[in-house]
Amino acid sequence: MRKLLLVIDMQTDFVDGALGTAEAVAIIPSVLREIAKYDKNDVIATRDTHPDSYMTSREGRYLPVPHCIKGTPGWQIHPAIAPAIEGCKIIDKPTFGSIELCDHIVNIAKNEEIEVTLIGLCTDICVVSNAMLIKAALPEININVVADACAGVTPDTHSSALATMKMCQIDIL
């Protein structure tokens, strides 16, 4: 069975930039630990990617903090993580859940038995969104989330997202 690791949005703006938190900084060692367990061909990273016009978007109206604007330093994979995922597939996504990522995973699953593990930011927004998309598309595969390699917007919403995923038969490690 092929085991895939999805590294969700470990970008500067989410770690210690515009929307960074102490909890996001604290997971860096756990994220690096998990990445080190996988062959680079089995690691897929995502980048939250917004245009310069972000503030006029629906998301921008609900979260009026410019972040992950394509090409800016905050959009880049955090410098502590970037060397560990060098050479891995990176998918830029315009919103919380990535249809492109889900389709990529589904295409892999057409040819081989897989298991998917997610880590990264933010547990309560992009991690849960992507885990649920994959669960909906591939309900019979094992999907895992490594709790100490994820951080939410707050500790409470991190815990709530983990509980939600567990209720949807996603294994919390």
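The values are calculated or read from the model by the stated rules, or taken from the named source; none is laboratory data. Owing to the predicted nature of the structure, the values given are computational and were not obtained by experimental measurement. Ideal geometry is used to build each Cβ from the backbone, glycine not excepted, and the neighbour counts take in all protein chains shown.
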So, in segment 1-36, exactly how many residues are of a type outside the set (Val, Ile, Thr) and in a loop (DSSP other than H, G, I, E, B)? 8
Starting from segment 153-173, keep only residues that are of a type in the set (Ser, Thr, Tyr), then list their pairs with residues that are at pLDDT 95 or above and not in a helix (DSSP H, G or I) whose Cβ atoms are within a distance under 6 Å, requiring at least 6 positions of separation or different chains. none
Conditions (1) closer than 22 Å to MET167 by Cβ; (2) of a type outside the set (Phe, Trp, Tyr); (3) without any contact (Cβ under 8 Å) to a residue 60 or more places away in the chain -> VAL127 fails only (3)
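Could you please find all residues in segment 37-75 being part of a loop (DSSP other than H, G, I, E, B) and surrounded by 14 or more Cβ atoms within 10 Å (Cβ to Cβ)? Give the derivation first.
Residues of segment 37-75 part of a loop (DSSP other than H, G, I, E, B): 37-39, 49, 51-53, 57, 63-68, 70-72.
Within segment 37-75, TYR38, THR49, SER57, LEU63, PRO66, HIS67, CYS68, LYS70, THR72 qualify.
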I'm checking my understanding of the structure. Among residues of segment 135-152 that are surrounded by 21 or more Cβ atoms within 10 Å (Cβ to Cβ) and free of Cβ contacts under 8 Å to residues at least 60 places away in the same chain, which one is farthest from the chain's Cα centre (by Cα)? ILE143
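Table: residues versus (1) in contact with a helix residue (DSSP H, G or I) (Cβ under 6 Å, 6 or more places away or on another chain); (2) within 20 Å of GLY97 (Cα to Cα); (3) free of Cβ contacts under 8 Å to residues at least 60 places away in the same chain.
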residue: LEU6; (1), (2), (3): no, yes, no
residue: ASP9; (1), (2), (3): yes, yes, no
residue: ALA24; (1), (2), (3): yes, yes, no
residue: ILE27; (1), (2), (3): no, no, no
Given the condition crowded, with 17+ Cβ neighbours inside 10 Å, hydrophobic (A, V, I, L, M, F, W, C), in contact with a strand residue (DSSP E or B) (Cβ under 8 Å, 6 or more places away or on another chain) and more than 18 Å from LYS37 (Cβ to Cβ), answer yes or no: does some residue in segment 115-125 qualify? yes
